[in-house]
Each structure stands twice: as structure tokens, then as C-alpha cells.
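In what follows, a structure is listed as C-alpha cells, so that the remarks can point back to it.
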Amino acid sequence: MPQYLRLHGIGGIGIIRMSGEDSFKILNKFFKPKKEESIDEIKGYSIKYGNIIEDDQIVDEVLVSYFKAPKSYTTENMCEINSHGGIVIVRKILDICLKNGAKLAEPGEFTKRAFLNGRIDLLQAESVIDIINAKSEKEAKAGINQLEGQLSKKINEIKQNILDVIVNVEVSIDYPEYDVDEVTIKQISEMLYTVNDKLKKLEKSFDNGKIIKNGIKTAIIGKPNAGKSSLLNTILKEERAIVTDIEGTTRDTIEEFVNINGIPLKLIDTAGIRKAKDEVEKIGITKSRKIADSADLVIAIIDSSKELSEEDEEILEIVKNRKSIILLNKIDLGKVITKENCRLKDASENIIEISTIENKGIDELYEKITELFNLNDINFDNEVLVTNLRHKNLISDAISSVEKTQNTINEKMPLDIIAIFLKEILSNLGKITGDEIGEDIINEIFSKFCLGK
């Protein structure tokens, strides 16, 4: 049955998408083009102008795009009704579609059909949601690369390396009278070495892929009034957090994203760390510590116009042995503490003097973050990145299966046992592209999509 998309909100144009064998048949019941043509005469990738009609009354003036199977997003007959935007008109046309035999699409229905009909693999299908949810240009670029099949090609190349050898393994098992075991074992060993190297590179690429997709989770910590909220406002260039002379203003966390060199930086302004004066502040401080523990980067702010306090010492202990940056704030008030302070150096080798009031040192902070996470080294032209945790885990499982296969060879196990582990590697890789995956996993993946995609 045809599927539909409903768009909510007000805009210049509203779009209702329909896909399925009966799409054009249903469309013809209520769409009257200015130039009447049979569906056989209408070319794919074309647009017709006309009206949506109900009970001989014009509902709206529309443009309808035609996509004929198999040359469509889903490989099925598809059309898109471009109406005037707004809830009333779009909902009315949607209701007319439903009255004439259509049903509402599930989340991700169109991309799911494209996958099930073989136009894209599961890895490419998942990249669609990555592109939609991209928070930076680099994340969008990574999604587009995967949609174009760059990672799929790498996975399929590895699968083919294994399949080329499995053919010989099967021959050796089926025709034991031909003594080719020794030759076959050598081929398997060489193949496993090559496959392991390729898989390890893909697994390693997740370090960068995770940063591109999820951003750098950055906790801003410090004692009350050190300048945490001022730093957040300075970076965002807006008054996102309340800043006053009263200590303990921030009771809960404030989270915002900002891009640095095309990478999303997830900034988390936390409650000031000190001895809590009430139960609410105590909860906020406990939360601050937990966030710092789980962060990719901890930025500790110290008031450089005052001597180190007991709270500062506690904060320095938190950042010690972590990927961290210490910011000596308020240098505009005169420096009592400098970058040469031994206690600071013991906690972190990354110390920057700043003034959030005069906007000093912020560029140096960006440069230091770029250096710490090697952001300039991420190259989409020469590197295929794994950005999806599901893919990374399956690649790790495949590497584990490679090691098991190598162990069976070292233990001189028979070929039929070795073949089992070779097929296990293929199975792990097949789950990435969707060749070997259960319906429950497929449904779970597409449930994360938005309606209409």
C-alpha cells in the first residue's frame, strides 16, 4: 500500500510523499492536472501542475512530482504533492489521500523500503539519519560519504577477500582426495593478515568518527564565580547563562553546542564546586563531578586574581591525569597566579591565561582543543571513517573472530572447523550491511528515523 508523510508547522510549501505500486492510481482520484495525460505518457522525474479536488471543489493548487519505478528513492512508484504550506491545507490533502486508500508511513518507512528493495544497504540507510541529525559540516560530510557507499565498499572488499579463500576451503572439504590443505592453509593465513589489518584501521577510525558524530563532551568546572558561565556566554556570543556577583547562581547544568573547525563541542556549564549551602546546591555539585568524570575534555577555570583556595585545590585534583585545560581567568584584574605555578603544572600541562570580560585567550583555547583532539588531521578525502557505534562493535567482533580463526590454524585444527570461524567473520560484517540481520534489529534501527524519511 502507498505510504504518506505528514509535515507539521507553517511554511511556504508543504510536501506529502506517496510510495507504492498503487500511488499513481490513488493520486488520479483527486489530482486534476491542467494537462490531462495517462500515466504511461508522463515521464519519470517530471512535474505536473494542477489542483487537488474533493467533491468537485478545489482544495489547493499544487505541483506533483512523478518518480517511476525502479528509478525512485524506494525503487517503487512515487509521487510528491507540493502544496501550499500550513497545517490546515496539508492535513486536508493528507486526509484525502487516506480516504482514497493510502495509509500513514511509519518512521523511516521510505528509507526502510529503499533498503528492503535493495537500492541501498543497511549501512547507507543508517547514514540518512546521520545526515538529518548532523550538528556540523564534518558530520554531514561523513554521513554523505557513507550514503555514497564508501564504508560499504570497504566492508564488501573485506568480505570478498574472505569469500575468495572460502571457495578453496569448501573444495578441500568436499574433495579430500586432493591434497591441497597445505596450500589452502597458507592462503587463509595470508588473507587473515590482510583482513585483520583492514579491520583494525576501520576500528581505529572510530576515534575520529565518534568525535565527528557525537562531538567533544566538555565539562566546564570551577569554584563559584570563577567565570564558568561567563566563558560559556563568551564562546556562544550570547547571554545563555546567568552571570552575577552572587555565588552559586548555577545550580544545574547548562548544555550547548558550538563548532570548532567543523567539529561539535558539547559545552556543559556545571554548578560551582564548593561546600554546598543547601540540598539543591549539593545535588548540583554532585552532578558536576559525575559529568567531569564522563567528559572527553575537562576545562577547569581558576580565578587568577586570587590565591589558590581549598576549592581550587579540589578542582585541580579532578583534572589531574585527564585530558584537560586549565584556564586562568580574570587576568584583567591583575595576576596573582601565573602559568608558572607548580601546582597548576602538576595538574595539567595545558594552561591558558584568559579574560572573558576582554575576550582574551579564547582563540588560544580553540587552538589547544584542536591540537588535543588532532582535529586538523581528520581527512575525508583519504580516510573512511566509522561513526556508528553499532558498526564499530561489529567490526570489533569480526576482529575477535579473525583471532579465533588464527588460533585454530595455530592449533592445526581441521579445515571444517576453520571454515566455521571464517563464516563467523562474514556474519559479523554482513550484519553491518544488512545481509545477515534479524527483523527486530531492522525495526529498531528505522524506529529512530523521523516520519517521511
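Considering segment 312-333, and only residues there that are part of a helix (DSSP H, G or I), under 12 Å from Ala226 (Cα atoms) and of a type outside the set (D, E, K, R), the residue that is modelled with the highest pLDDT turns out to be Ile331. Screening Ile96 on (1) closer than 17 Å to Phe449 by Cβ; (2) surrounded by fewer than 23 Cβ atoms within 10 Å (Cβ to Cβ); (3) touching an Asp or Glu at 6+ places or on another chain (Cβ under 9 Å) shows it passes everything except condition (1).
Candidates in segment 278-311 are the residues that are at pLDDT 85 or above and among the acidic types (Asp, Glu); of these, the one that is farthest from the chain's Cα centre (by Cα) is Glu307. Asn393: without any contact (Cβ under 8 Å) to a residue 24 or more places away in the chain and under 29 Å from Asn145 (Cα atoms), yes or no? Answer is yes for this residue. Looking across Ile351, Ile291, Ile337, one residue alone is assigned by TED's automatic domain parsing to the domain that holds Ile235 and in contact with a helix residue (DSSP H, G or I) (Cβ under 6 Å, 6 or more places away or on another chain). It is Ile351. Taken together, Lys112, Lys71, Lys35 contain a single residue that is touching a residue at least 60 places away in the same chain (Cβ under 8 Å), more than 24 Å from Gly11 (Cβ to Cβ) and of a type outside the set (S, T, N, Q), which is Lys112.
The values are calculated or read from the model by the stated rules, or taken from the named source; none is laboratory data. In this text, all values refer to a predicted model and were calculated from it rather than measured experimentally. All Cβ positions, glycine included, derive from the backbone under ideal geometry; neighbour counts span all protein chains shown.
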